[in-house]
Amino acid sequence: MSARWKSRAADRPYTVQVATTGLLLAFTVGGVFLTRAVAAEEPLVLWPGLMLSVLACAALLRRRSHPLLVLLVTTVCIMTEGFLGYLMTPLLMGPMLLAQYTVSLRPDRRTTWYTALAAAAGIALVGFITTDFPHEWIIGLVNPAAWVLMVASFGSYVRVRREYAVARADHAAQERDEEARRRVIQERMRIARELHDVVAHHLALANAQAGTAAHLARTRPDQAIAMIEKLPEVTAAALRELKATVGLLRQDTDSQELAPAPGLDQLPQLVETCASAGLDVSVSTEGQPQALTPGLDLTAYRIVQEALTNVTKHAATPSARVRLDYTAHYLTLTITNEAGSPPSAAAASRGFGLLGMRERALSAGGTFHAGPRPGGGFEVACALPLPSSEESTS
C-alpha cells in the first residue's frame, strides 16, 4: 500500500472498518453458498446461515473496543452454523478468525492462548459431533481447529513484531538523547578548557608583570615603568581572546565570520608576551615541519601556552625551553623548566592546567606526560599523531 492510501486509511478508520467488514461478509456468504452447492443430500436452507453470517460480521464492528465479547459472539455463530450442517471452511469461519486475530494483538499473551484454545476446542467439538466417520475428522475437526491456532500464532507474531518496533524506536530515541547529552558535556568541557587556557595564561602573565614591576619600582623605576607600559597589551590580548571565545556561545547561527583559532605559527607572539612578563623562553624545532589540521594546531598551541603559564606561576627560575620535534608520524612537544621547583601536589590538585593538557592530548589521539626532571625543574611532554598528507591538505 502506498503512502497516499495509508494516509487516507488513517484519516477514515471507520470507513475502512466498514469496507473490510463488507468484504468479509461477501466471503462468508460465499462459504454458505459453497456448502449448499456441495451438499450431497437435500440442500440446506440458506436463511439461517445467511442470518448468522450477517450477525457475526456485524459484531466485528465492535472488535476493537470489545474483542473478547466479539470473539465469543462470532464463535457461537460459527458453531451454530456447524451444528446446522454447514462446512467449517475458512470462508465460513472468516469472522471468528478475524476476531481471534484481533484478540491475539493484545499484550496479554495468556488471554490470547486461552481464547484460542477455547475457540479451537469449540470448533473441534462441533466437528466431532457432526462428523459421522473417523476418516472425515481431518476435514471436519482437525482442519478448522488448526485454522484457529494458526491465526492466533500469526496474531502473536504480529504483536511481537510491533512491540519490537516500538522498543527499537524507544531505544533509538534514548540513544539520541544520550548522544545529545554527551555532545553537550563534551562541548562544555571544550569551552571550559578554552576559557581556562585564555584566562589563566594572560592573567598569570599580567600578575607576573605587576609583581615584577612592584618589586622594581624603588630600585629600577625605569624598568618598572616599561613593564607597566606593556601590561595593557597583555590584558588587551586576554580580553580579545575571551571575547572571541564567549562570542561563540552567543551566536544563534553560523553566518558570522569567526576569527581563526591560534596555532603554532603564533608561537613568536606567545614568546614575546611571556618575555614582557619576565619569562625567558627559547623555542627550537627539529625535523621537517609539517602542515597540521586546525584542531591539531590549536591543541599543540594550547598545550605549549598552558605549560608556559605553569612555568610563570610555579617555577622559581623564569626560564623555559620549548622543543618541537617533527617525525614521520608524530609531533612531540617538550616544555622544560631548567631549574627551580616544580608545582607542588597541592597546587596541581587545585588547578586544571595539567588535567586540561592531558585531555587535549588524549582527545587528539596522543600521549601526555608531566613530572619533575631528574636534574631539577619540571617537564611537560606529549606526542601528537600527525595527519596524513591527504588530511593535511584538505
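The values are calculated or read from the model by the stated rules, or taken from the named source; none is laboratory data. Note that this is a predicted model, so its numbers are computed, not measured. As a convention, Cβ positions derive from the backbone with ideal geometry for all residues, glycine included, and neighbour counts pool all protein chains shown. Note: areas computed on protein heavy atoms with side chains; ligands, DNA, RNA excluded. Shrake-Rupley method; radii C 1.70, N 1.55, O 1.52, S 1.80 Å.
Yes or no: the range 46-62 includes at least one residue that is crowded, with 19+ Cβ neighbours inside 10 Å and farther than 22 Å from Ala19 by Cα.
Looking for residues that are crowded, with 19+ Cβ neighbours inside 10 Å and farther than 22 Å from Ala19 by Cα, one finds none in the range 46-62, hence no.
Name, by its number, the condition in (1) part of a helix (DSSP H, G or I); (2) among the basic types (Lys, Arg); (3) over 39 Å from the mean Cα position of the chain (by Cα); (4) modelled with pLDDT of 85 or more that does not hold for Lys313.
Here Lys313 meets the rest and fails (4).
Return the residue satisfying two criteria in turn: it lies in the range 166-178 and is of a type outside the set (Val, Ile, Thr) and open to solvent by 60 Å² or more (accessible area, probe 1.4 Å), and of such residues it is farthest from Leu92 (Cα to Cα).
It comes out as Glu178.
Here are some residues: Tyr86, Tyr101. Which one is in a helix (DSSP H, G or I) and either among the hydroxyl-bearing types (Ser, Thr, Tyr) or more than 52 Å from the chain's Cα centre (by Cα) (or both)?
Matching residue, one of Tyr86, Tyr101: Tyr101.
Consider the range 79-114. How many of its residues are of a type in the set (Val, Ile, Thr), in contact with a Leu (Cβ under 7 Å, 6 or more places away or on another chain) and open to solvent by less than 10 Å² (accessible area, probe 1.4 Å)?
The number of residues fulfilling the criteria is 1.
Test Arg159 against the stated conditions and say whether it is modelled with pLDDT of 80 or more and open to solvent by less than 60 Å² (accessible area, probe 1.4 Å).
Yes, satisfied.
Do we have any residue at all in the range 190-201 that's modelled with pLDDT under 75, outside any helix (DSSP H, G or I) and on the phi < 0 side of the Ramachandran plot?
Looking for residues that are modelled with pLDDT under 75, outside any helix (DSSP H, G or I) and on the phi < 0 side of the Ramachandran plot, one finds none in the range 190-201, hence no.
Consider only pairs whose beta carbons are under 7 Å apart and that are at least six residues apart or on different chains; among these, list those whose first residue lies in the range 275-301 and is more than 27 Å from Leu355 (Cβ to Cβ) and whose second residue is outside any strand (DSSP E or B) and open to solvent by less than 70 Å² (accessible area, probe 1.4 Å).
Note: pairs meeting the criteria are Ser276/Gln209; Ser276/Val234; Gly287/Thr327; Gln290/Leu386; Gln290/Ser392; Ala291/Ser392.
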